[in-house]
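Reviewing the structure listed below.
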Amino acid sequence: MNTNSNAYTIIYASVMVVIVAFLLAFVNSGLRERQNKNIELDTKKQILSSLGVKDVTDADAAFAGVDAQDMIVNEDGTLAPYEGKFVTAYEKEAKENGRTHIFVCMVDGQTKYVIPVYGAGLWGAIWGYVALNSDKNTVYGTYFSHASETPGLGAEITATWFQTQFEGKHVMDGTTVALSVEKNGKVEKPEFQVDGISGGTITSKGVDAMLKACLANYTKFLTSNE
Amino acid sequence: MGNLFSAKNKEVFSTPISMNNPVTIQVLGICSALAVTSKLEPAIVMGLSVTIITAFANVVISLLRKTVPNRIRIIVQLVVVAALVTIVSELLKAFAYDVSVQLSVYVGLIITNCILMGRLEAFAMANGPWESCLDGIGNGLGYAKVLVITAFFRELLGSGTLFNVNILNYDTIKSLGYVNNGLMLMPPMALIIVACLIWYQRAKHKELQEK
């Protein structure tokens, strides 16, 4: 058979593309449910990590263990329980469905609030969770992760030293979000600011912008005294 | 089937690891060598992933080699590689989520790795499936070897750690005036280390030197 004829080439390409498309669609739909469950478990692990609960093997049990309640912040700053399916895409929830999620948890008998944050680093998305004490102002713990920051530089936002810097910092100065990441060594207000990463300036700025933008959506809740 | 491990097949497997290394001799796959070698762990994961994908892609293309229309062979190779990488990435997401999170961008980088295309075009299009499989594994391991050596020096001298375990960041060492070299974490140092490896290999093996 002449494998160089036009007809053969076109048929070969079409058949190949159809086979590959079906194969990929089949693999994707067959594994979708498992993948979504993994993403859900991973999200729960990340939320737990911001509360200082690390190395969790059974995320569902540990999540129930801190009595985590998925809540929605209303426009007037009050909380209402969220009744739907567990969501993992908080940016989409906020922008498309107008729902700002917050997790109310109990750690050692103390109420903690966990707020999801999301933004952009140098190469791709960055996201995280900020856990606050019951005063709604002092940071209890944080968790940050990223899609594709540079290892050793921007990717250091996942390192313990970076995340623990936030502990004890205050979020709000009056009605503005003052919690911020400053250039390494330029911290002037240690009450609100933490050091950035040398060599990871754009990712550090991304974390800073992410904190300011996302936490600002919760201003009403954070400044109300209930 | 009696000669699965014949002298020729052993050579097909072992030369890419040393004397015909895809990175240090053919200078392929340099771009990903820069991107993933600032820490040891991603370097190893990337090396293994490329090994597995190159082996499978080589086998598939080798089986198809007599049917592939010559004019669109590169496209066919690319489709096979892209499909394999996507399937592996989907499987990882479903069954080894933690590993897939670690790999993140590197999975996509595998598709664009020149070593893959190079082996498909230069070897799998002209040889049987078993030889192609050995060739794929050999080249993948040769690539992994260079990645691991480069990452070892970059992580040790740049961050003072290995596998994120502290090696050099102690006060006793720092009091002697030692500081981690931040430049090691930048891509240019990967090029310089790879160049040193090439230098070393050529100095050791005179037959590799061009006249």
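The values are calculated or read from the model by the stated rules, or taken from the named source; none is laboratory data. Everything quoted here is computed from the prediction, not taken from an experiment. Here the Cβ is made from the backbone with ideal geometry for all residues, glycine too, and neighbour counts use every protein chain on show.
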Could you list, in sequence order, all residues of the range B:9-45 that are of a type in the set (Lys, Arg) and either touching a helix residue (DSSP H, G or I) at 6+ places or on another chain (Cβ under 6 Å) or touching a residue at least 40 places away in the same chain (Cβ under 8 Å) (or both)?
B:Lys39
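Can you work out which of the residues in the range A:10-63 that are hydroxyl-bearing (Ser, Thr, Tyr) and under 24 Å from the mean Cα position of the chain (by Cα) is farthest from the other protein chains (Cβ to nearest Cβ)? Break it down stepwise before answering.
Here is the first cut: in the range A:10-63, the residues hydroxyl-bearing (Ser, Thr, Tyr) are A:12, A:14, A:29, A:43, A:49-50, A:57.
Within this subset, residues satisfying the condition of being under 24 Å from the mean Cα position of the chain (by Cα) are A:43, A:49-50, A:57.
Working: A:Thr43: 11, A:Ser49: 13, A:Ser50: 17, A:Thr57: 12 Å.
If we take residues in the range A:10-63 being hydroxyl-bearing (Ser, Thr, Tyr) and under 24 Å from the mean Cα position of the chain (by Cα), then A:Ser50 is farthest from the other protein chains (Cβ to nearest Cβ).
So which of B:Val99, B:Val81 ends up being within 30 Å of A:Ile126 (Cβ to Cβ) and modelled with pLDDT of 90 or more? Before you say what the answer is, go through the steps one by one.
Numbers: B:Val99 fails: modelled with pLDDT of 90 or more.
Result of the check over B:Val99, B:Val81: B:Val81.
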Considering A:Gly206, A:Gly168, which residue is free of Cβ contacts under 8 Å to residues at least 60 places away in the same chain and either of a type outside the set (Phe, Trp, Tyr) or part of a loop (DSSP other than H, G, I, E, B) (or both)?
A:Gly168
For A:Gly98, indicate whether it is among the small types (Gly, Ala, Ser) and either buried (at least 16 other Cβ atoms within 10 Å of the Cβ) or part of a loop (DSSP other than H, G, I, E, B) (or both).
yes
For the range B:49-68, name all the residues that are at pLDDT below 90 and within 10 Å of B:Tyr143 (Cβ to Cβ).
B:Val50
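Name the residue that is surrounded by the fewest Cβ atoms within 10 Å (Cβ to Cβ), counting only residues in the range B:19-42 that are small (Gly, Ala, Ser) and either under 13 Å from the mean Cα position of the chain (by Cα) or within 17 Å of B:Asn113 (Cα to Cα) (or both). If you could, list the steps in order and put the result at the bottom.
Step one: of the range B:19-42, the residues small (Gly, Ala, Ser) are B:29, B:32-33, B:35, B:38.
Pick out the ones that are also either under 13 Å from the mean Cα position of the chain (by Cα) or within 17 Å of B:Asn113 (Cα to Cα) (or both) and you get B:29, B:32-33, B:35.
On the way: B:Gly29: 24, B:Ser32: 22, B:Ala33: 25, B:Ala35: 19.
Checking each candidate, the answer is B:Ala35.
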Going by the conditions given, is A:Thr3 closer than 30 Å to B:Val79 by Cβ, in a helix (DSSP H, G or I) and within 14 Å of chain B (Cβ to nearest Cβ)?
no
Being free of Cβ contacts under 8 Å to residues at least 12 places away in the same chain, farther than 30 Å from B:Asn181 by Cα and touching a helix residue (DSSP H, G or I) at 6+ places or on another chain (Cβ under 6 Å) narrows it down to one residue among B:Ala57, B:Ala124, B:Ala94; which is it?
B:Ala94
Return yes when A:Val207 is under 30 Å from B:Ile44 (Cβ atoms), buried (at least 18 other Cβ atoms within 10 Å of the Cβ) and either in contact with a Lys or Arg (Cβ under 7 Å, 6 or more places away or on another chain) or not aromatic (Phe, Trp, Tyr) (or both) and no when it is not.
yes
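Could you list all residues from the range A:178-193 that are hydrophobic (A, V, I, L, M, F, W, C), within 13 Å of A:Gly168 (Cα to Cα) and touching an Asp or Glu at 6+ places or on another chain (Cβ under 7 Å)?
Of the range A:178-193, the ones hydrophobic (A, V, I, L, M, F, W, C) are A:178-179, A:181, A:187, A:192.
Those left that are additionally within 13 Å of A:Gly168 (Cα to Cα): A:179, A:192.
Of everything in the range A:178-193, just one residue is hydrophobic (A, V, I, L, M, F, W, C), within 13 Å of A:Gly168 (Cα to Cα) and touching an Asp or Glu at 6+ places or on another chain (Cβ under 7 Å), namely A:Phe192.
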For the range B:117-204, give me every one of the helices (runs of 4 or more DSSP H) that falls completely inside it and has 2 or more residues that are small (Gly, Ala, Ser), under 19 Å from the mean Cα position of the chain (by Cα) and surrounded by 15 or more Cβ atoms within 10 Å (Cβ to Cβ).
B:129-159
I'd like to know if the range A:142-157 contains one or more residues that are modelled with pLDDT of 90 or more, assigned to a loop (DSSP other than H, G, I, E, B) and farther than 21 Å from A:Gly199 by Cβ.
no
So which residues in the range B:147-161 are under 15 Å from B:Val45 (Cβ atoms) and among the aliphatic types (A, V, I, L, M), if there are any at all?
B:Leu147, B:Val148, B:Ala151
Given B:Val101, B:Val107, B:Val79, which one is in a helix (DSSP H, G or I), within 13 Å of chain A (Cβ to nearest Cβ) and either farther than 22 Å from A:Ala25 by Cα or touching a residue at least 24 places away in the same chain (Cβ under 8 Å) (or both)?
B:Val107
Lone unmet requirement of (1) more than 8 Å from every other protein chain (Cβ to nearest Cβ); (2) farther than 30 Å from A:Thr43 by Cβ for B:Asn70:
(1)
